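Remarks on the structure that follows.
The values are calculated or read from the model by the stated rules, or taken from the named source; none is laboratory data. Keep in mind the model is a prediction, meaning the values are calculated, not measured. Neighbour counts run over all protein chains shown; Cβ positions are idealised from the backbone, glycine included.
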Amino acid sequence: MNAQNYSLGQVGDYEIKQLKVFKTVVDCGGFSAAETSLNIGRSTISLHISNLEARLNLVLCKRGRGGFSLTEEGIIIYEMTEKLLESLDAFRTTVNNLNASLTGKLRLALSDKVSLDPRSHFPELIQRFVSEAPEVSITTNVASMSNIERMILNDEADIGFIPYHRKLDGLDYVHLYSDDCYLYCGKNHPLASFDEPEQEQQIDIYPATHAGLKPHEAVSEQISNMNLTAISYFYDSRLALILSGQYIGFLPEQYAQSYLDKGDIVAVAPKTRSYTLGVAVICKRTSQPNKPRDLFLKVLHQTVEELIVAPY
C-alpha cells in the first residue's frame, strides 16, 4: 500500500468496530480461533480486517499456510488499539459514574479464605453495600496476591482483598487484620518426632513449600535458608503438601488450628519460626470517580470501626 500523502482523517464508530475485531483476532491468535469469540464467520472477519487495512492504508497481518502473524505496522496498530479501547472504557466508566443513579459493576478480587474469615467482615460488607446500591452488579474472583495487584492496577478489578507482603505505588491499602504464621509439618514427617532444638537444627534440610512471592523482610529472614522446592500460593494446596508428609511450610495459625488439634500437623520450632502477615483491602489510587467502588470503601470504613495498625 502506498503511504505517500495519505491522511487517515476522522475515526468513527465503524473503524472502532473494525479495530475491536482486529484486536480479538490478534488475542485469539488467528481468524479461525476468533470465530467463537466474535460469533461471526471467518469470511466476515477477513472482510473486516481487509476493510480496516484499506482504511488505514497499511498491511496489518500475514495469513496463509505459514499461519497468522502481525507485520511491524500491525504490532504498532495493535498496541495503539489497546490504548484506544482502554481510554474509551475509562470514558464510559466515568460518564456512568457521573450519573445520578448508582448502577454499573463492582468487581471484587479476593485471595483464598479471606471472604469467609470473620475478621474480614465480608458478608456484612456485601449486605450493607447491596442495601445501599441494589442495582449494582457484583462480580467476585479468587486469585493470588500478585494477580490481584495486577488486576487492580490494570483496572480489571475495583477492590481486592489480599494477604500482603509489600506495598506498591499506585495502590491504597486499608489494613483489616493480621495473621501469625507458623511452620508446620505432617504428623508422619521426620521433624514431627524431634524436640524443638533438634527441629531447629534440621529444618533447612527438608523440602519446603512456599508462596512463590518476593516476601517482606520478616518472612525473608525465616525462609532464606530453607530448602524451597515446591511453590503453592493457596493455603488449601499448601496444606495438602504438608499433610503428604513430604514438605514443611508456613500457614496462618487460625487456618491451621483445627488440623493441629486433630494431630494431622505439628508445629515446627514455634518459638523461633513464625512471622506476622497483614490482610488488607486494596484499590487503585486514582482521581477518576467510581461510585460503586467509592461506596464500598465508605461501607468498609463504617463497618471496621477501628483499623488495626499494620504490622509492617
Within 22 Å of His165 (Cα to Cα) and either of a type in the set (S, T, N, Q) or out of contact with any Cys (no Cβ under 7 Å at 6 or more places or on another chain) (or both): is that true of Asn225 in this structure?
yes
Out of (1) within 22 Å of Glu156 (Cβ to Cβ); (2) more than 32 Å from the chain's Cα centre (by Cα), what's the single condition that is false for Gly29?
(2)
For a quick check of your reading of the model, give me the residue pairs whose first member lies in segment 181-200 and is within 22 Å of Gln254 (Cβ to Cβ), whose second is charged (D, E, K, R) and buried (at least 18 other Cβ atoms within 10 Å of the Cβ), with beta-carbon atoms closer than 8 Å and at least 6 apart or on different chains.
Tyr182/Arg273; Leu183/Arg273
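Rundown of residues vs (1) touching a helix residue (DSSP H, G or I) at 6+ places or on another chain (Cβ under 8 Å); (2) under 30 Å from Leu300 (Cβ atoms); (3) at pLDDT 90 or above; (4) not assigned by TED's automatic domain parsing to the domain that holds Arg119, yes/no style:
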{"site": "Glu196", "(1), (2), (3), (4)": "no, no, yes, yes"}
{"site": "Val219", "(1), (2), (3), (4)": "no, yes, no, yes"}
{"site": "Ile223", "(1), (2), (3), (4)": "no, no, no, yes"}
{"site": "Ser237", "(1), (2), (3), (4)": "no, yes, yes, yes"}
{"site": "Leu260", "(1), (2), (3), (4)": "no, no, yes, yes"}
{"site": "Lys271", "(1), (2), (3), (4)": "yes, no, yes, yes"}
{"site": "Cys283", "(1), (2), (3), (4)": "yes, yes, yes, no"}
{"site": "Ser287", "(1), (2), (3), (4)": "no, yes, no, no"}
Would you call Tyr184 at pLDDT below 95 and either hydroxyl-bearing (Ser, Thr, Tyr) or in the same structural domain as His121 (by TED's automatic domain parsing) (or both)?
no
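Picking from Leu228, Leu213, Leu260, Leu251, which residue would you name as being in a strand (DSSP E or B) and surrounded by fewer than 19 Cβ atoms within 10 Å (Cβ to Cβ)?
Details: Leu213 fails: in a strand (DSSP E or B); Leu260 fails: in a strand (DSSP E or B); Leu251 fails: surrounded by fewer than 19 Cβ atoms within 10 Å (Cβ to Cβ).
One residue alone meets the criteria, Leu228.
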For residues in segment 70-104 being modelled with pLDDT of 90 or more and charged (D, E, K, R), which is nearest to Pro289 (Cα to Cα)?
Lys83
Residues being out of contact with any Phe, Trp or Tyr (no Cβ under 7 Å at 6 or more places or on another chain), surrounded by fewer than 15 Cβ atoms within 10 Å (Cβ to Cβ) and either of a type in the set (A, V, I, L, M, F, W, C) or not in a helix (DSSP H, G or I) (or both): count how many of those fall in segment 194-210.
2
